[in-house]
Amino acid sequence: MHAAITGWGKCLPPAVLSNRDLSTILDTSDEWIVARTGIRERRISHVPLGELAYVAAMRALACAGLDGGRIELIVFGSCSYDDQVPNMASGIQLRIGAQEAAAYDINTACTSFLYGLSTATALIRTGVVRNALVIGAELISPFMDWGDRDVAVLFGDGAAAVVLEASARAEGLLAEKLGCYGEAREILRVHGMGGRYANRGMLYGITRWQFEGQEIFKRAVQGMSGASAEALARIGARPQDVELVVPHQANLRIIEAVAKRVHVPMERVFVTVQRYGNMSAATVPVALCEALEEGRVRAGALLLMPGFGGGLSFCAHAVRWGERTTALGASSAELPPNERSALELIRDCLARKTRPAPATTEPFA
Ligand code: UT7
């Protein structure tokens, strides 16, 4: 039994935050950001995470020609929940009418969608469920420290989802390598998100980022390229068999370094980082949707999806595409209209920031 990808849908909030916009509030420039990261602009959401994910989910369901009521499993990959309890997946279950579905969230930071793809595929392969909706969605903007140029220029908001269905054909996720450099977990920490800040006189979500960019860069290249080699080896595939790499999109230089180590030319790598920045768990599924829209995914193609994120988690997934590369239907689901500019939206976050989270890793400091 395999788990074919039969539906895909994305939802990008409309407000665009350009590098030039950022240079009006931070000591940075379009030239620096483009040269060091490849990022030109990113999106800022005017709605909660659940709303972005719901629209993406409805579009993925319509693409698969499946009614929400028939979904048996919902996996919501994210690290920027609207709420921790109740979880995000149960909200999607309610809104799409998947009354019989199991629903859980998964958080491995930027790799959450890919780890969700692994668990959902495994549950289909073992016959626990016959289909699944896997979401990768992230609302980084409310958690961003907009005064810190080291991180504020890198991230954006967005969501996408895929539908998986049991199939007797060898398609969907064929093999993956999952891993984690736990010993390096402190090089990417967001102070202010989590139980150590709750009910201690600090507002949950007032954040300060601990972020060692160069060390993360090295680990990202090492983790993604090593996992890619291993995932391909597990199915006996060579680099030349890979028709398209759809990688996590954090930095163009990281993507180029991984492509070089994996021996796949950049013409066969799909890049969206210039448009959206790093949307964490949403980058791979959004890029997959756009690769399909642009006709870059051929029926039967072998795709490679390397990822890395906080933890530091890393992985690579080898996916065999099925026969259909176009949507069966379209959804009328849309976000509510937005009147405000991206700068106005992030100024809301700045205005609410009164006291930064202390730099502590002690549970009761
Ligand atoms: O999903 C996980 C997310 N994390 C990542 O993807 C991060 C991976 N790391 C990276 O992408 C890169 O390390 C960065 C883009 C974060 C930084 O690029 P870099 O080439 O490693 O730059 P750097 O940290 O070595 O900084 C070079 C200079 C420094 O100035 P000095 O010390 O040379 O005078 C920084 O202070 O650039 C300065 N700088 C900036 N200048 C303008 C740092 N951030 C900025 C900025 N604008 N936004």
With all protein chains present, how much of the accessible area of the chain (probe radius 1.4 Å) comes from carbon and sulfur, to the nearest whole percent?
51 percent
Quick check: pseudo-label points 7 Å beyond the Cα along Cα→Cβ at Glu186 and Glu323, how many nm apart are they?
5.6 nm
With a point put 7 Å past each Cα toward its Cβ, work out how far Tyr104 is from Ala299 in nm, to one decimal.
3.6 nm
Each label sits 7 Å from Cα toward the beta-carbon; between Asp67 and Arg125 the label points are separated, in nm, by 3.2 nm
Residue by residue, what Karplus-based ³J(HN,Hα) values in Hz, rounded to whole numbers, does segment 34-49 have, using 6.51, -1.76 and 1.60 with θ = phi - 60° and x for Gly and Pro?
5, 5, 8, 10, x, 7, 10, 7, 8, 9, 10, 7, 9, 10, x, 4
If R₀ is 41 angstrom, what is the calculated FRET efficiency for the pair Glu243 and Lys218, using the beta carbon separation as r and rounding to 0.05?
0.90
Helix axis angle, 112-125 relative to the chain longest principal axis, alpha carbon, degrees
30 degrees
Output the direction-averaged projected area (hull surface divided by four) of the convex hull of the alpha-carbon atoms of segment 117-256, in nm².
11.2 nm²
Which Cα, out of Met224, Ala160, Gln84, lies furthest along the positive dipole direction of segment 2-352 (beta carbon charges, K/R +1, D/E -1)?
Met224
Going 7 Å from the Cα of Ala35 along its beta-carbon direction, which residues of segment 252-270 have the amide nitrogen within less than 18 Å of the resulting point?
252-254
For every helix of n ≥ 4 consecutive DSSP H residues, a contribution of -39,500 (n - 2.57) applies; sum these over the chain, divide by its total residues, and give [θ] at 222 nm rounded to the nearest 500 deg cm²/dmol.
-9500 deg cm²/dmol
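Leaving out ligands and nucleic acids, note down the accessible area per residue over the chain with a 1.4 angstrom probe, in whole Å².
Numbers: 14950 Å² over 365 residues.
Here the per-residue accessible area is 41 Å².
Give the total of Lys-Lys pairs in the chain with Cα-Cα distances below 27 Å; include a pair only if its members are 8 or more places apart or on different chains.
Numbers: Lys10/Lys177; Lys177/Lys218; Lys177/Lys260; Lys218/Lys260.
Summing the qualifying lysine pairs gives 4.
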When only C-alpha pairs under 8 Å and at least 6 residues apart count, what is the relative contact order of the chain, in percent?
26 percent
With only Lys, Arg, Asp and Glu charged, each at its Cβ (+1 for the first two, -1 for the last two), find how big the charge dipole of the chain is about the Cα centre; round to the nearest 20 debye.
460 debye
Kirkwood Rh in Å, taken over the chain so that all alpha-carbon pairs contribute:
20.4 Å
Binning every alpha carbon pair distance of segment 1-84 at 5 Å from zero, what are the percents per bin?
3, 11, 16, 16, 14, 15, 11, 7, 5, 3, 0
Binned Cα-Cα distances of segment 217-322, short to long, each 5 Å bin given as a whole percent
2, 14, 27, 27, 20, 8, 1
Considering just Cα atoms, how many Å³ per residue does the convex hull of segment 72-134 enclose?
70 Å³
Relative contact order of segment 13-66 (C-alpha contacts under 8 Å, at least 6 apart) in percent is 39 percent
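The values are calculated or read from the model by the stated rules, or taken from the named source; none is laboratory data. No experiment lies behind these values; they were computed from the predicted model shown. So basically every Cβ, Gly included, is an ideal-geometry build from the backbone, and we count neighbours across all protein chains shown. Surface areas here come from the heavy atoms of the whole protein model, side chains and all, with no ligands, DNA or RNA. Shrake-Rupley method; radii C 1.70, N 1.55, O 1.52, S 1.80 Å.
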